[in-house]
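Peer 1: To start, I am sharing the structure in question, which I have written as structure tokens.
The values are calculated or read from the model by the stated rules, or taken from the named source; none is laboratory data. Here the structure is a predicted model, which is why all the values come from computation and not from measurement. Glycine also receives a Cβ, built like all others from the backbone with ideal geometry; neighbour counts cover every protein chain displayed.
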Amino acid sequence: MTDYRSKYDRLGYSITVMAIVIQGILWLLHLNDVDEYGQYFMYISFYELIFALIGFLLYDPVNRRGFSIKKKGYSKISGWLFMRMAIILGGMALIQVLVQFIPLTVTDPEIAMSIVFAGPCEENFFRGVLISILISLFANSRKYKIPLPFLREGKRSISSWETFGIFIVAIFFAGIHVNYYENPQFLLGTFLCGIWLGFTYWYWEDLTANIGGHMLLNLIVVWQTFYMVSF
């Protein structure tokens, strides 16, 4: 038998399973709602659940690790994991400051929970699957040098197709945020965050770092809105 080891580390796997369970429960709770708000919330939870499930099922096969619902082994957690999370979080926060992103007011605990766990769902799909496919497809295509001295050897060049893929996935990532369509400022911030998340995943190929950074940003946004409303 082939020795199967998942591309997930234990932390990324655990957060992903938790996100699937939470989004699934929220979807089921609002499945029979007839009011406009309940139906909207149901659809949001449903597509986040689908993103998470697609990522969970395809992340390992896309990364050539074989298919297995029950993981028999996990990748080793990087010693730089929390530093990477901090860098990803810092980049996303800086983008929002530069575009003067103003978080929406969130007062419903269910919406807050859905937003926080939307990060892992979206990272599993957009970075874990879509960007991983592009990295695999275009890894051997002609590359050009990136004039950034801090990049480590082997990551100092990127192909035009990989760059194009990161931009396309970022457009798709911004496009799913339908509630931002009437606010170009929000869409721009989401698009730029998508580019940043795509680049950091291309560079480190550490899905847990992306999951953690994205989830922490959403948690901070939700905490800020609850704090502003409560106090």
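Peer 1: Could you tell me which numbered condition residue 141 fails, if it satisfies all but one of (1) surrounded by fewer than 23 Cβ atoms within 10 Å (Cβ to Cβ); (2) small (Gly, Ala, Ser); (3) assigned to a helix (DSSP H, G or I)?
Peer 2: (3)
Peer 1: Can you confirm whether residue 158 is β-branched (Val, Ile, Thr) and modelled with pLDDT of 95 or more?
Peer 2: Details: β-branched (Val, Ile, Thr): yes; modelled with pLDDT of 95 or more: no.
No: the conditions fail for residue 158.
Peer 1: What single numbered condition from (1) among the aliphatic types (A, V, I, L, M); (2) crowded, with 16+ Cβ neighbours inside 10 Å; (3) out of contact with any Leu (no Cβ under 7 Å at 6 or more places or on another chain) fails to hold for residue 34?
Peer 2: Among (1) among the aliphatic types (A, V, I, L, M); (2) crowded, with 16+ Cβ neighbours inside 10 Å; (3) out of contact with any Leu (no Cβ under 7 Å at 6 or more places or on another chain), the lone unmet condition for residue 34 is (2).
Peer 1: Is there a residue in segment 38-59 that is crowded, with 19+ Cβ neighbours inside 10 Å and over 19 Å from the mean Cα position of the chain (by Cα)?
Peer 2: Of the residues in segment 38-59, the ones crowded, with 19+ Cβ neighbours inside 10 Å are 41, 44-45, 48-49, 51-52, 55-56, 59.
Filter again for over 19 Å from the mean Cα position of the chain (by Cα), leaving 41.
For segment 38-59, residues crowded, with 19+ Cβ neighbours inside 10 Å and over 19 Å from the mean Cα position of the chain (by Cα): present.
Peer 1: If I go through segment 182-205 residue by residue, how many of them are in a helix (DSSP H, G or I) and farther than 20 Å from residue 135 by Cα? Steps first, please.
Peer 2: Of all residues in segment 182-205, those in a helix (DSSP H, G or I) come to 184-204.
Keeping just the survivors that are farther than 20 Å from residue 135 by Cα gives 184-190.
The number of residues fulfilling the criteria is 7.
Peer 1: Scan segment 95-105 and tell me whether some residue there is over 20 Å from the mean Cα position of the chain (by Cα), over 24 Å from residue 183 (Cα atoms), of a type outside the set (A, V, I, L, M) and loosely packed, with under 14 Cβ neighbours inside 10 Å.
Peer 2: There is no residue in segment 95-105 that is over 20 Å from the mean Cα position of the chain (by Cα), over 24 Å from residue 183 (Cα atoms), of a type outside the set (A, V, I, L, M) and loosely packed, with under 14 Cβ neighbours inside 10 Å.
Peer 1: Report, ordered by the first and then the second residue, all pairs with beta carbons closer than 9 Å, sequence separation of six or more or different chains, a first member in segment 48-76 that is under 18 Å from residue 14 (Cβ atoms) and outside any loop (DSSP other than H, G, I, E, B), and a second member that is at pLDDT below 85 and among the β-branched types (Val, Ile, Thr).
Peer 2: That search, which allows pairs on different chains as well, returns 56/69; 57/69.
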